[in-house]
Amino acid sequence: LYSSRVICSVALEHKARLGHCTKVPRNVNMESLKNGYLFPEISIREAEHAEKYPHAKLIKLGIGDTTRPIPHIITSAMAQKALALSTDAGYTGYGDEQGNKDLREAIANVVYKDKGVEWDEVFVSDGAQGDISRLQMLLGSGMTIAVQDPTFPAYVDSSIIVGQAGKFQEETGKFQNIVYMRCCPWNDFFPDLATTPRTDVIFFCSPNNPTGTAASRPQLERLVEFAKANGSIIVHDSAYASYISDDSPRSIFEIPGAKEVAIEISSFSKFAGFTGVRLGWAVVPKELKYSNGFPVRKDFNRIMCTCFNGASSISQAGGLACLSADGYQALCRSIDYYHENADIIIDAFTSLGLKVYGGKNAPYAWVQFPGRSSWEVFNEILERAHVVTVPGAGFGPGGEGYIRVSAFGSRECMLEASRRLKSLLK
Ligand SMILES: Cc1ncc(COP(=O)(O)O)c(/C=N/[C@@H](CCC(=O)O)C(=O)O)c1O
């Protein structure tokens, strides 16, 4: 239909518009990523809305970013470390890639008290997000993974990036090599393991983002048993463990036998407001072995030494203060504050006759809008109440028909959001 001359001139025009291109092919896995990462997308929507309504007081209950100031006992420890760096006696350079021993010991002794975790099984990092990607580097492209559905998107997106996920199936909204374990009200937000295929790795987040529910002890016992029977590895994300307010396990290592099948990643972000300070950890037990008997911990250590030069010495000083008796007590007050915020949001949506899940063991409420598109609900609440949430579909196909509402706002914002939502959705 088009002469070669026309095609050639269009191609030349396109090339001129692109400017210089290298001869390097794009990583095909990056092409498989659908849209942008969820949370920057939410930030973009926030910014567009703020531009459209410059005088509206936007209330941000979308990204799970803490807002309470860090207790002084913790910030002064970081300040002291920072000031010490300006002295000959106090200056320190590279630390151990696995983290300062005193912090590793404090995590093992305080967070994992009586759970049988040893200090040299704790690897301090710059946060759980980075550990997820480093774990994917450790696991490699040949692994099959299972995730809860809905789930924190980093597990799926990092799986796509390292080439595990296979092709995206438009009709299901799923990647063909990932097992999506449905978690919903009618299965008490715990997957039916009897119908779940074996995978090498099972990413399991409890308390869960986005549903805000925590797995019970019997449920985690079944998960450990399932992993053991299948020879799988559980990557248990306990980033919200400090929000648990009932007798749900705070760590997978409360479950007998878990050290032979599980890695746990966690974070100071939501526990201590360290979202900007950046500090987390991974527990890789000595008992955890590959099919050939080689310890996973040794390879994880190699990844940390090769791909990461250690968490900030200043952040680690802060982390140590978080785990002191006074620091821990001060942080519990912030967590109580966010729990009260969650109650406000739960009451608001419940009073509107909507089903609300979570919020008791995590700083997220999972609100059901049966039969409605989650992006449509997100847009309506943003447009008409100037309140930012997160559409459930952003967490996977199982999130459709829900929105996630964060409890991390200020009290004033929570109360104002509650008022607006009640008048909008009544
Ligand atoms: C289950 C779970 N695991 C790890 C993280 C990130 O932890 P850090 O990298 O230590 O701050 C998060 C952070 N989530 C926030 C922030 C998301 C983001 O910006 O990536 C959210 O869901 O809104 C998480 O929910």
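The values are calculated or read from the model by the stated rules, or taken from the named source; none is laboratory data. The structure presented is a predicted model; accordingly, all values stated were derived computationally and were not measured. Cβ atoms come from the backbone with ideal geometry, glycine included; neighbour counts cover every protein chain shown.
Overview of results
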item: Selection within the stretch 182-219 - within 16 Å of the ligand (Cβ to nearest atom) and at positive phi; result: 189, 212
item: Residue ID - surrounded by the most Cβ atoms within 10 Å (Cβ to Cβ), chosen from residues in the stretch 256-275 that are more than 9 Å from the ligand (Cβ to nearest atom) and either under 14 Å from residue 75 (Cα atoms) or among the acidic types (Asp, Glu) (or both); result: 264
item: Single residue of 179, 117, 122 found to be within 25 Å of residue 284 (Cβ to Cβ), touching a strand residue (DSSP E or B) at 6+ places or on another chain (Cβ under 7 Å) and within 16 Å of the ligand (Cβ to nearest atom); result: 122
item: Helices (runs of 4 or more DSSP H) contained entirely in the stretch 269-341, each with at least 1 residues that are aromatic (Phe, Trp, Tyr); result: 269-272, 296-307
item: Any hit, the stretch 140-155, residues being within 16 Å of the ligand (Cβ to nearest atom), part of a strand (DSSP E or B), touching a Leu at 6+ places or on another chain (Cβ under 9 Å) and touching a residue at least 40 places away in the same chain (Cβ under 8 Å); result: yes
item: Qualifying position, being in contact with a His (Cβ under 6 Å, 6 or more places away or on another chain) and not charged (D, E, K, R), among 214, 229, 262, 282; result: 262
item: Residue in the stretch 78-92 that is in contact (Cβ under 8 Å) with a residue 12 or more places away in the chain and closer than 30 Å to residue 364 by Cβ present; result: yes
item: Qualifying residue in the stretch 236-247 (condition: surrounded by fewer than 19 Cβ atoms within 10 Å (Cβ to Cβ) and either in a helix (DSSP H, G or I) or under 12 Å from the mean Cα position of the chain (by Cα) (or both)); result: no
item: Any hit, the stretch 113-127, residues being touching a Pro at 6+ places or on another chain (Cβ under 6 Å) and closer than 16 Å to residue 303 by Cβ; result: yes
item: Residues that are in a loop (DSSP other than H, G, I, E, B), over 19 Å from the mean Cα position of the chain (by Cα) and farther than 24 Å from residue 370 by Cβ, drawn from the stretch 174-223; result: 176, 177, 196, 197, 198, 199, 200, 216
item: Checklist (1) closer than 30 Å to residue 410 by Cβ; (2) exposed (fewer than 11 other Cβ atoms within 10 Å of the Cβ) applied to residue 42, failing item; result: (2)
item: Matching residues in the stretch 394-420 - criterion: being aliphatic (A, V, I, L, M) and touching a residue at least 40 places away in the same chain (Cβ under 8 Å); result: 405, 407, 414, 415, 417
item: Residue count for the stretch 45-72, restricted to those that are surrounded by fewer than 16 Cβ atoms within 10 Å (Cβ to Cβ) and assigned to a helix (DSSP H, G or I); result: 6
item: One residue from 14, 20 being more than 20 Å from residue 393 (Cα to Cα) and outside any helix (DSSP H, G or I); result: 20
item: Count of residues meeting criterion [in contact with a strand residue (DSSP E or B) (Cβ under 8 Å, 6 or more places away or on another chain) and either at positive phi or within 14 Å of the ligand (Cβ to nearest atom) (or both)] in the stretch 130-139; result: 5
item: Unique residue being modelled with pLDDT of 95 or more and within 18 Å of residue 360 (Cα to Cα) when the list is 210, 153; result: 210
item: Qualifying residue in the stretch 221-238 (condition: among the small types (Gly, Ala, Ser), within 16 Å of the ligand (Cβ to nearest atom) and farther than 25 Å from residue 140 by Cα); result: no
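The rows are residues; the columns are (1) within 14 Å of the ligand (Cβ to nearest atom); (2) closer than 24 Å to residue 367 by Cα; (3) modelled with pLDDT of 85 or more; (4) hydrophobic (A, V, I, L, M, F, W, C).
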| position | (1), (2), (3), (4) |
| --- | --- |
| 3 | no, no, no, no |
| 32 | no, no, yes, no |
| 37 | yes, yes, no, no |
| 42 | yes, yes, yes, yes |
| 48 | no, no, yes, no |
| 61 | yes, yes, yes, yes |
| 65 | yes, yes, yes, no |
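One line per residue, one yes/no per condition, for (1) within 30 Å of residue 161 (Cβ to Cβ); (2) in a loop (DSSP other than H, G, I, E, B); (3) basic (Lys, Arg):
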residue: 88; (1), (2), (3): no, yes, no
residue: 96; (1), (2), (3): yes, yes, no
residue: 110; (1), (2), (3): no, no, no
residue: 124; (1), (2), (3): yes, no, no
residue: 136; (1), (2), (3): yes, no, no
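This table checks each residue for (1) of a type in the set (A, V, I, L, M, F, W, C); (2) crowded, with 24+ Cβ neighbours inside 10 Å.
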{"residue": "352", "(1), (2)": "yes, no"}
{"residue": "356", "(1), (2)": "yes, no"}
{"residue": "362", "(1), (2)": "yes, yes"}
{"residue": "365", "(1), (2)": "yes, yes"}
{"residue": "377", "(1), (2)": "yes, no"}
{"residue": "386", "(1), (2)": "no, no"}
{"residue": "390", "(1), (2)": "yes, yes"}
{"residue": "393", "(1), (2)": "yes, no"}
{"residue": "396", "(1), (2)": "no, yes"}
